[in-house]
Amino acid sequence: MIKLQQLIGLPVIVIHSGKQVGTVKDCWFDENWKLNGVVLEYGKWFAAKVRIVAWSDVLTCGEDVVIIASEEAVMMMKPKEVSRAFYTGVVKLKNMPVVTVHGDQLGLLSDVYFYPLQGTQIVGYELTDGFVSDLMEGRKWLKAPSDPDMVLLGEDAIIVPAVSEAELEPVAASNFRE
């Protein structure tokens, strides 16, 4: 299992040439938490387009580098088309409130987890209640429901089933799951 923030800053390398085509700046998703691809760092400040690599073109996602199939996998996209991203999309997932259908806030989204070799569906969320709470109690981990339709990724909040509150675990325990 990989935390999304572990990808940020990793170099993106082409497998056959060994050429670095960029560095991971962000990741973007569809409305069902399916990982669409990675957004690469781009040198222009007010660029009209962003450089992206579709997740289907990512061959390997390791601890130190992301390997892609070819240089042609790097495409240009309008920033508005990256609608849901972790840091930079029209809808930013980082620090979005996670609430139950009964109206209880479980925390703010701090990170997401996924299995890079078993598809691209998000399998868990790391939640925070703020810096002081993180120091005193630690962050919480919430396993994503097996049915992605049970989670609503909205514009201003992520809405999860009511049972989710009882399923919260300390983050450390989630790091050892298979």
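In table form, for the structure just shown:
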| quantity | calculated |
| --- | --- |
| DSSP-defined antiparallel bridges as percent of all bridges, the chain, nearest 5 | 85 percent |
| Accessible surface, 1.4 Å probe, highest first, among residues HIS16, HIS102 | HIS16, HIS102 |
| Structure-based [θ]222 nm, the chain - -39500 (n - 2.57) summed over DSSP H runs of at least 4, per residue, nearest 500 | -1000 deg cm²/dmol |
| Extended-chain gain in nm, criterion 0.36 nm per residue less alpha-carbon gap, ILE15 and VAL90 | 23.9 nm |
| Scattering curve values for the chain, log₁₀ I(q)/I(0), Debye with Cα scatterers, q = 0.09, 0.13, 0.15, 0.19 Å⁻¹ | -0.32, -0.67, -0.87, -1.27 |
| Dimensionless Rg over Rh [the range 3-83; C-alpha; Kirkwood] | 0.94 |
| For the chain, accessible area per residue (1.4 Å probe, heavy atoms of protein chains only), Å² | 55 Å² |
| Estimated dipole of the chain in Debye, rounded to 20 [Cβ of Lys and Arg +1, of Asp and Glu -1, Cα centre] | 700 debye |
| With every protein chain in place, the range 1-147: carbon and sulfur % of accessible area (1.4 Å) | 53 percent |
| Computed accessible area, TRP28, all protein chains, 1.4 angstrom probe, square angstrom | 20 Å² |
| Stretchable slack from GLN5 to ALA162, in nm (0.36 nm times residue separation minus alpha-carbon distance) | 53.8 nm |
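The values are calculated or read from the model by the stated rules, or taken from the named source; none is laboratory data. The model shown is predicted, which means the values in this text are computed figures rather than measured ones. Here the Cβ is made from the backbone with ideal geometry for all residues, glycine too, and neighbour counts use every protein chain on show. Protein only, heavy atoms only, side chains kept; ligands, DNA and RNA dropped before computing areas. Shrake-Rupley method; radii C 1.70, N 1.55, O 1.52, S 1.80 Å.
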